[in-house]
Amino acid sequence: MEGDFIKINKWLLPLSWLYGIASNFRNTLFNIGVLKSRSFDVPVIAVGNITVGGSGKTPHVEYLIRLLKDSFHTAVLSRGYKRKSKGFIQATKTTTMPEIGDEPYQMKQKYPDVIVAVDKDRCHGIDTLVENDKKIDVILLDDAFQHRYVKPGINILLVDYHRLIIYDELLPAGRLREPLSGKDRADIVIVTKCPKDLKPMEYRVITKAMNLYPYQQLFFSSIEYGDLQPLFTEATHSSYAALEQLKGHHVLLLTGIASPQQMTHDLEPLISQLTPLTFSDHHVFTPKDVELINSTFAAIAEPKLIITTEKDATRLRLVEGLSEEVRNHLYVLPINVCILQEQAEVFNQQVIDYVHKNSRNSILVKRKDDHKPKNSNHSGNRPRTISFRNN
């Protein structure tokens, strides 16, 4: 199925070549040091892509949050796309979605003990986070693969299985935001949204086609859906939980995300009928949109319900004018990711080892050890170290 969602406009290829020249020039300025990339004392893990559209950044950042938060004082720094504020903002319990954007707000609501902040200037954001909290062990950068002013310790590139970058073209003919050579900056590449029954032969074909360097590691991930959650407390069909309960139902799939195709593909076999109502990514719902949602759902025959994403839910909660019928039938479908090929432990250990080795507390311990006599009887079990190249 790789390539199912790829559409190339060959008429725009000349403009893509010009775009490529500009993108290559910018990368060259970083590569030769005219534009500077900064390293930081605190471990920094960047997650992002080189394409326009969703590749699963937020679910993968949340995977890292769950992996790290119980052992490390974890912070997440995002740009806060389409927020109604400027500068650095660190989320609190009272911070609203418009202040920090839908994805950071979603993460703060799900993981209230994790530090979540937004700043368009990622270097300034990291500096401010560390200045505000000296105990931070690791900072996760959301959607920062192309933000080259930061030099992360681990650079994770996400590649959509349905739109492999090796078959894509530069903007505007395709969806690549920089030439394919940009993938060379990645320490880890994850092919996302894979079917769980991906055949061994296809693993091998994709691995060969990606043509990664020896210093790069390739993983594959798939989507896992959680139990349905009513968006509003007055929902009358609270007995819904697992998707398997929806056999025979007509579902209105309400999305304002970059790539709803995967969710549509996954839900269709589980239900009687699916009606997609699709808006643009990070869409702000207007009164006209609300009328459309109300009328579309009213025209659907019972049994029926509405399913939306966690990201859309952060915006729909603020919408006025949704009919009582819509509010009573509106459910959120949580999304998680899992690492395939029984490689989750390998991936997890590499991330944990990097943070252990490079956290400021570990560095202080190491410096104290360095000052001890060489014949000291001091010993201890230290985590296995993983070497990542300098980007």
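When you check R66 against the structure, is it basic (K, R) and without any contact (Cβ under 8 Å) to a residue 60 or more places away in the chain, yes or no?
Numbers: basic (K, R): yes; without any contact (Cβ under 8 Å) to a residue 60 or more places away in the chain: yes.
Yes; evaluated as a whole, the condition is true for this residue.
If you take the residues in segment 144-199 that are small (G, A, S) and over 22 Å from N348 (Cβ atoms), which one is surrounded by the fewest Cβ atoms within 10 Å (Cβ to Cβ)? Full working, then the answer.
Step one: filter segment 144-199 for residues small (G, A, S), giving 144, 153, 173-174, 181-182, 186.
Now drop any that are not over 22 Å from N348 (Cβ atoms), which leaves 173-174, 181-182.
Working: A173: 20, G174: 22, S181: 12, G182: 20.
Out of the qualifying residues, it is S181.
Restricting segment 72-87 to residues that are touching a Lys or Arg at 6+ places or on another chain (Cβ under 9 Å) and assigned to a loop (DSSP other than H, G, I, E, B) leaves a set whose member that is least open to solvent (accessible area, probe 1.4 Å) is G80. Checked against (1) at pLDDT below 95; (2) among the polar types (S, T, N, Q); (3) assigned to a helix (DSSP H, G or I), T128 passes all but a single condition, namely (1). Consider segment 73-112 and keep the residues that are acidic (D, E) and either at pLDDT below 95 or in contact with a helix residue (DSSP H, G or I) (Cβ under 6 Å, 6 or more places away or on another chain) (or both). The one that is farthest from G54 (Cα to Cα) is D102. No other residue among I223, I300 is buried (at least 16 other Cβ atoms within 10 Å of the Cβ) and within 22 Å of D102 (Cα to Cα) apart from I223.
It is to be established whether one or more residues within segment 101-124 are outside any loop (DSSP other than H, G, I, E, B), more than 16 Å from T58 (Cα to Cα) and open to solvent by 20 Å² or more (accessible area, probe 1.4 Å). Yes, segment 101-124 has at least one match.
Let's see how each residue does on (1) in contact with a Leu (Cβ under 8 Å, 6 or more places away or on another chain); (2) over 19 Å from H73 (Cα atoms):
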site: I89; (1), (2): no, no
site: T92; (1), (2): no, no
site: I100; (1), (2): no, yes
site: Y111; (1), (2): no, no
site: K120; (1), (2): no, yes
site: T128; (1), (2): no, no
site: D142; (1), (2): yes, no
site: H162; (1), (2): no, yes
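Given the structure, is Q350 farther than 21 Å from G226 by Cα, open to solvent by 60 Å² or more (accessible area, probe 1.4 Å) and not β-branched (V, I, T)?
No, not satisfied.
The C-beta contact set for segment 200-215 (first residue open to solvent by less than 100 Å² (accessible area, probe 1.4 Å), second residue among the charged types (D, E, K, R) and at pLDDT below 95, distance under 8 angstrom, 6+ apart or interchain) comprises E202/E2; I206/E2; Y215/R389. Within this structure, L231 passes the test of being in contact with a helix residue (DSSP H, G or I) (Cβ under 6 Å, 6 or more places away or on another chain), under 20 Å from Q106 (Cα atoms) and either free of Cβ contacts under 8 Å to residues at least 60 places away in the same chain or open to solvent by less than 60 Å² (accessible area, probe 1.4 Å) (or both). One residue stands out among those in segment 6-39 that are open to solvent by less than 40 Å² (accessible area, probe 1.4 Å) and not in a helix (DSSP H, G or I): the one that is farthest from E103 (Cα to Cα), which is G33. Considering only segment 262-274, I want to know if a residue exists there that is open to solvent by less than 20 Å² (accessible area, probe 1.4 Å), touching a residue at least 24 places away in the same chain (Cβ under 8 Å), closer than 19 Å to T58 by Cβ and outside any helix (DSSP H, G or I). Scanning segment 262-274 turns up no residue that is open to solvent by less than 20 Å² (accessible area, probe 1.4 Å), touching a residue at least 24 places away in the same chain (Cβ under 8 Å), closer than 19 Å to T58 by Cβ and outside any helix (DSSP H, G or I).
The C-beta contact set for segment 111-129 (first residue closer than 17 Å to S39 by Cα, second residue open to solvent by 80 Å² or more (accessible area, probe 1.4 Å) and among the small types (G, A, S), distance under 6 angstrom, 6+ apart or interchain) is empty. Scoring L64 on the criteria (1) open to solvent by 90 Å² or more (accessible area, probe 1.4 Å); (2) over 18 Å from K151 (Cα atoms) leaves a single failure, condition (1).
The values are calculated or read from the model by the stated rules, or taken from the named source; none is laboratory data. What you see is a predicted model, and the numbers here were worked out from it, not measured in a lab. Quick reminder, even Gly has a Cβ in these numbers, built from the backbone with ideal geometry, and neighbours come from all protein chains shown. Note: areas computed on protein heavy atoms with side chains; ligands, DNA, RNA excluded. Shrake-Rupley method; radii C 1.70, N 1.55, O 1.52, S 1.80 Å.
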